[in-house]
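The values are calculated or read from the model by the stated rules, or taken from the named source; none is laboratory data. Note that the coordinates shown come from a computational prediction; the quantities given were computed from them, not determined experimentally. Methodologically, a virtual Cβ is constructed for each residue, glycine included, from the backbone with ideal geometry; neighbour enumeration extends over all protein chains shown. When the accessible area is computed, the model is the full protein with side chains, heavy atoms only, and any ligands, DNA or RNA have been set aside. Shrake-Rupley method; radii C 1.70, N 1.55, O 1.52, S 1.80 Å.
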Amino acid sequence: MNPRLARLQPYPFEKLRALLAGVTPHAALHPINLSIGEPKHPTPNFVKAALAGSLEGLAAYPATAGTPALREAIAAWLSRRYGIPAPDPVTQVLPVNGSREALFAFAQTVIDPAGGAARVVCPNPFYQIYEGAALLAGAQPTYLNDGMRFDDLDWTGVQLAYVCSPGNPTGRVLSLDDWQRLFELSDRHGFVIASDECYSELYYDELRPPLGALQAAWRFGRRDFARVVAFSSLSKRSNVPGMRSGFVAGDAAILQRFLLYRTYHGSAMSLPVQHASIAAWRDEEHVRANRQLYADKYRAVLPMIAAPLSAGMPEGGFYLWVRTPADDATFARELHRQYNVLVLPGSFLARDAHGANPGRQHVRIALVAPLSECVEAVQRINQYVAGL
Ligand SMILES: Cc1ncc(COP(=O)(O)O)c(C=O)c1O
């Protein structure tokens, strides 16, 4: 067996299952699960219709590069969304089966494990796929703790840097200054930047959508997107996590190698899914309505969070990143036992690094349930905290 598999950590939800083993939740209260970041708003009917209307596409093997129509729809979306000229749909855009598989496969394409010195920078706390991708590619993960600056890290030997903006779980967005520094470091050390933007369309100031990697590159005149690849997804934007549809866009030379890898890996997107994806990328009305649903939830629950808990309005995403007065794992377990509300302990999403675990004394609350359930969950959390 591949010995690198032994280095993978259990996934956060496995750790949660182990934490809750043998715990019987309060039976009189109906369960509210806000632990998983799975969008629950309804899939738009026009996306379902586009999928159902193109089922004859199941009769053909799809090409790994995707159809020209999908790549053009994505390039046009990038241009509209980020106010940049459309990337070349032939060389600078590739469809992927959700951003998760692409974030993973990308490290296998980019990393040269020879000599055992390759390093991959991951945010901390983070989406655990980055770490697993690094380990299985033969690289060593290096963690950039929340609150650290890029200059606080030693970038020697770094071949790949994952960034996540808006971040899961913190909701933080990289600024233009952050990007400038990251580009400078990439120029100096030669690493590739993988920008995970799967929450890019969940923001709550319609006048200030989060900056994207390609947009930032363009602002600095980096028109070939040198060493930058953005990862985007329809899962959260269009409430189609089961469709498995996203894209990567950026540096043409890197995408050409990525396409080669993907051809062997066998990760082509089925034609009906491509068809439905074109429909989704062309429409913004449903995306605005989706944002509104989350905005309503934040407006309802954020004022309810009071000391000793604390949480701020995120710049993007659908999480509340809440500071807890007690150990986060104990907090989550007892909240489940006493109030039948499930949240994710922050330390399950983070690693001990630089003398701290930046997830400790935090829980992640995914505002994916209906508004009334989110409100009830926070009411129960407040009752729980009052009894601590
Ligand atoms: C930060 C982050 N990146 C990527 C993904 C993967 O999303 P998908 O594969 O549905 O595009 C998720 C899913 O929860 C996520 O939280």
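Below is a table of values for the structure above.
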item	result
Against the rule of thumb 2.2 N^0.38 Å, how large the Cα Rg of the chain comes out	0.98
Taking only Cα atoms of region 328-388, radius of gyration then Dmax in Å	12.6, 40
Quarter of Cα convex hull surface for region 81-137, i.e. mean projection, nm²	5.7 nm²
q = 0.13, 0.19, 0.21, 0.24 Å⁻¹, region 246-350: log10 I(q)/I(0) [Debye, one scatterer per Cα]	-0.82, -1.01, -1.10, -1.31
Region 130-272: relative contact order in percent, alpha carbon pairs under 8 Å with at least 6 residues between	17 percent
Quotient of Cα Rg and 2.2 N^0.38 Å for region 99-177, N being how many residues it contains	1.06
Computed over region 1-63, Kirkwood Rh from alpha-carbon pairs, angstrom	17.2 Å
Estimated 222 nm signal from helices in the chain, with DSSP H stretches of n ≥ 4 weighted -39500 (n - 2.57), rounded to 500	-11500 deg cm²/dmol
Two-decimal Rg/Rh across region 172-261, once Rg and the Kirkwood Rh are taken from alpha-carbon atoms	0.99
Amide hydrogen neighbours beyond the local backbone of PHE247, cut-off 5 Å, H modeled	VAL96, SER232, SER233
Beta bridge orientation in the chain: antiparallel %, DSSP, nearest 5	45 percent
Under 14 Å, Cβ to Cβ, from HIS286 - net charge with Lys/Arg +1 and Asp/Glu -1	+2
Rg over Rh [alpha-carbon atoms, Kirkwood Rh] for region 115-242	0.96
Overall Cα dimensions of region 1-111, principal axis frame, Å, largest first	53, 43, 38
Long-range tail of P(r) for region 52-188 (Cα pairs > 24 Å, %)	44 percent
Heavy atoms of ASP224: accessible area, 1.4 Å probe, square angstrom to 10	90 Å²
With all protein chains modelled, accessible area of THR67 [1.4 Å, Å²]	40 Å²
Separation between Cα centres of region 336-359 and region 123-143, rounded to whole Å	18 Å
More than 15 angstrom apart: percent of Cα pairs within region 293-337	50 percent
Volume in Å³ per residue [convex hull over Cα atoms, computed for region 183-328]	179 Å³
Percentage relative contact order, region 339-388, counting C-alpha pairs under 8 Å, at least six apart	35 percent
Solvent accessible area, Å² - GLU373, 1.4 Å probe, full protein context	60 Å²
Taking region 99-197 and dividing mean pair separation by its residue count, relative contact order in percent (alpha carbons under 8 Å, at least six apart)	29 percent
Two-decimal log10 I(q)/I(0) for region 216-269, as the Debye equation yields it once each C-alpha is a single scatterer, q = 0.14, 0.30 Å⁻¹	-0.49, -1.07
Span-like helix ranges in the chain, DSSP H, alpha carbon extent 15 angstrom or more, Kyte mean at least -1.0	68-82, 99-110, 252-265, 271-282, 371-386
Packing-based ranking, highest mean first, of 27-40, 329-342 given that Cβ atoms within 10 Å are counted	329-342, 27-40
